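Comments concern the structure below.
A short reminder: the numbers here are calculations on the coordinates, not readings from a lab. Remember, it's a predicted structure, so these values are computed and weren't measured experimentally. So basically every Cβ, Gly included, is an ideal-geometry build from the backbone, and we count neighbours across all protein chains shown.
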Amino acid sequence: MKIVEVAAAIELTRSKLTERTELSAEWAIRMLADGVASASDIDTAMRLGYRHPLGPLELTDLVGLDVRRDILNNLAIAFDDDRYLPHPLLEALVQEGSLGKKTGVGIYDWSSGEKAERKLPGL
């Protein structure tokens, strides 16, 4: 079954696209923290359901967890909306230095050069 999202083209400004991308990554982190599914299951669902080349958690690791956190904080300030504030799991990963592929570990473990599931702090 494919997942479909219908949105008016006029709504899809650059800021709206950024907002949707950031929120999908934040929701994925919340789902992971709540134990809804594993990181790879969440990413697989998004790749297959939305036909994205990468899932939101893998993309977060490639962009950098620190970058993702900073974007969310800026959106929270710009829109004066706390729903953009980064999840505590994202904050914890950044604080421990797990910034994603660039450090060898983030949501996934990249130390072997390949993406692998890892035990996340507090989960």
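Where does each of R68, R118 land when they are ranked from fewest to most other beta-carbon atoms within 10 angstrom?
Numbers: R68 27, R118 15.
By the 10 Å Cβ count, ascending, the order reads R118, R68.
In what order do V36, V63 fall by count of nearby beta-carbon atoms within 10 Å, going from fewest to most?
V36, V63
Determine the equivalent ellipsoid of region 13-103 by diagonalising the alpha-carbon gyration tensor, then write out the semi-axes as square roots of 5 times the eigenvalues, largest first, rounded to whole Å.
They are 19, 17, 13 Å, listed largest first.
Do you know the relative contact order of region 73-123, to the nearest whole percent, from alpha carbon pairs under 8 angstrom that are 6+ apart? Show your work: numbers first, answer last.
Numbers: 44 pairs, mean separation 9.8, N = 51.
Relative contact order of region 73-123: 19 percent.
If amide hydrogens are placed 1.01 Å from N in the peptide plane, which non-local residues have theirs closer than 5 Å to the one on V105?
Here L99, G100, W110 satisfy the definition.
How big is the dipole moment of region 78-123 about its Cα centre under a simple scheme where the beta carbon of each Lys and Arg is +1, that of each Asp and Glu is -1, and everything else is neutral? Debye, nearest 20, please. Don't skip to the answer; put the middle values down first.
Details: 6 positive and 8 negative charges, 58 e Å.
The calculated dipole for region 78-123 is roughly 280 debye.
Give, as a single signed number, the net charge of other residues whose beta carbon lies under 14 Å from the beta carbon of R118, with Lys and Arg counted +1 and Asp and Glu -1. Write down the numbers at each step before the final one.
Values: positive: K101, K115, K119; negative: D43, E58, D61, E96, D109, E114, E117.
Counting the neighbours of R118, the net charge comes to -4.
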